[in-house]
Amino acid sequence: MKEAVDVIIPTCKRPEEVASLVDEIERTAGCPVNILATCHDASASVNRNVGLEWAQSDPRIMLDDDICDFDEGWAVALVRTLEDNPDCVMVSPQLMRPGKREYAFMMGLAHPAIGRPKGSGCTRICNPHLLTACIAIRRDELRFCEGFRGSGWEDNFFCDQQNRLYPSCFRLVNHDIQVVHLNAMKGQRENWEHNRAHYESIRVQP
């Protein structure tokens, strides 16, 4: 992989607060990366869109500021999984709890089978949505709705748009790549009902 992959960190934190995350990404990516930490005092959707506007690579990676403990070569593995599956529009690694002894919740994977061990390859997601905590996606014109407050539900709407734009699309979880998701849920609990109602008012019907 010769060209650098843009890695978007949509965050409301200050640059110095994500410096250790940036360092870990650079050390473990397994390929050249260009890290774009948005650092806007704004919602998750706004920060995601800022990063998407800045990013130039295709594909690109987007990950939340509460992702850590990356497997070596995680970024190149995500990108290759996407490239090997032309109709796939989103790839996520297996999300883990701190210590990597338990699987973390992942919207898209059916409960209670929320994870599989390394060596399991990829799971094709039948659910129309996949958690966007750490994903590789293709470059296109899709953006997140900025009517959501804080965080929560914006990834549902983004997936809905993908489903409409790419009718034959699917998503994958690559279980052979593990990262820890601390699931900080910044601004999510207090805005849950507003965001749920907003999603229902604008949702893209299949």
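Can you tell me which residue within segment 126-178, out of those that are in a helix (DSSP H, G or I) and of a type outside the set (A, V, I, L, M, F, W, C), is surrounded by the most Cβ atoms within 10 Å (Cβ to Cβ)?
Ranking the qualifying residues of segment 126-178, first place goes to GLU154.
Could you tell me which residue of segment 19-34 is farthest from CYS68 (Cα to Cα), considering only residues that are crowded, with 19+ Cβ neighbours inside 10 Å and not small (Gly, Ala, Ser)?
The selected residue is VAL33.
Can you tell me which residue in segment 1-20 is nearest to LEU82 (Cα to Cα), limited to those that are of a type in the set (A, V, I, L, M) and not in a loop (DSSP other than H, G, I, E, B)?
Looking at residues that are of a type in the set (A, V, I, L, M) and not in a loop (DSSP other than H, G, I, E, B), I get VAL5.
Can you list residue pairs whose Cβ atoms sit under 8 Å apart, with the first residue in segment 88-103 being without any contact (Cβ under 8 Å) to a residue 60 or more places away in the chain and the second being among the polar types (S, T, N, Q) and surrounded by 21 or more Cβ atoms within 10 Å (Cβ to Cβ)? Count only pairs 6 or more apart in sequence or on different chains.
TYR103/GLN94
Among (1) part of a helix (DSSP H, G or I); (2) under 20 Å from GLU53 (Cα atoms), which single condition is ASN195 missing?
Result: ASN195 fails condition (2) only.
What about VAL76, is it touching a residue at least 40 places away in the same chain (Cβ under 8 Å), out of contact with any Ser or Thr (no Cβ under 9 Å at 6 or more places or on another chain) and within 21 Å of ASN174 (Cβ to Cβ)?
So VAL76 passes the test.
Checking ASP87 against (1) over 25 Å from ILE35 (Cβ atoms); (2) modelled with pLDDT of 95 or more; (3) buried (at least 20 other Cβ atoms within 10 Å of the Cβ), which test does it fail?
Only one criterion in (1) over 25 Å from ILE35 (Cβ atoms); (2) modelled with pLDDT of 95 or more; (3) buried (at least 20 other Cβ atoms within 10 Å of the Cβ) is unmet by ASP87, namely (3).
Quick check on my filter: what residues within segment 34-90 are small (Gly, Ala, Ser) and touching a Leu at 6+ places or on another chain (Cβ under 9 Å)?
The answer is ALA37, GLY51, ALA55.
The values are calculated or read from the model by the stated rules, or taken from the named source; none is laboratory data. Note that this is a predicted model, so its numbers are computed, not measured. Ideal geometry is used to build each Cβ from the backbone, glycine not excepted, and the neighbour counts take in all protein chains shown.
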